[in-house]
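Step one of this worksheet: look at the structure below.
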Amino acid sequence: MKLNGKCPKCHHQKIIQIKDTFHSNAAGNIAQAAHFFTKKKSALITFYICENCGYIEEYLDQDERVKLK
């Protein structure tokens, strides 16, 4: 979905992209489960969601992967 803009499940072409943001309380929001942690480092995940069927893919963007090195 990230590269071709099409859902692999239903082939719909409307994909919603959500770049996660860190919420200070992380209570009941997507950020609570959306951080990839390694030791004392963390990175934000970008979500790609099919508007038709709800299929979701998650990716770490290049700038976020660099943070984990």
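The values are calculated or read from the model by the stated rules, or taken from the named source; none is laboratory data. These numbers were taken from a predicted model, which means no experiment stands behind them. Heads up, the Cβs are rebuilt from the backbone with ideal geometry, glycines too, and the neighbour counts pull from every protein chain shown. Surface areas here come from the heavy atoms of the whole protein model, side chains and all, with no ligands, DNA or RNA. Shrake-Rupley method; radii C 1.70, N 1.55, O 1.52, S 1.80 Å.
Out of region 19-50, which residues are part of a loop (DSSP other than H, G, I, E, B), crowded, with 16+ Cβ neighbours inside 10 Å and modelled with pLDDT of 65 or more? Reasoning before the result, please.
To start, the set of residues in region 19-50 that are part of a loop (DSSP other than H, G, I, E, B) comprises 20-29, 34, 39-40, 45.
This time we only want the ones that are crowded, with 16+ Cβ neighbours inside 10 Å, so: 20, 34, 45.
Asp20, Ile45, listed by residue number.
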- Taking the condition in contact with an Asp or Glu (Cβ under 8 Å, 6 or more places away or on another chain), at pLDDT 75 or above and not aromatic (Phe, Trp, Tyr), does Ile16 pass? yes
When every residue in region 51-66 that is in contact with a Lys or Arg (Cβ under 6 Å, 6 or more places away or on another chain) and not in a strand (DSSP E or B) is compared, the one least open to solvent (accessible area, probe 1.4 Å) is Cys53
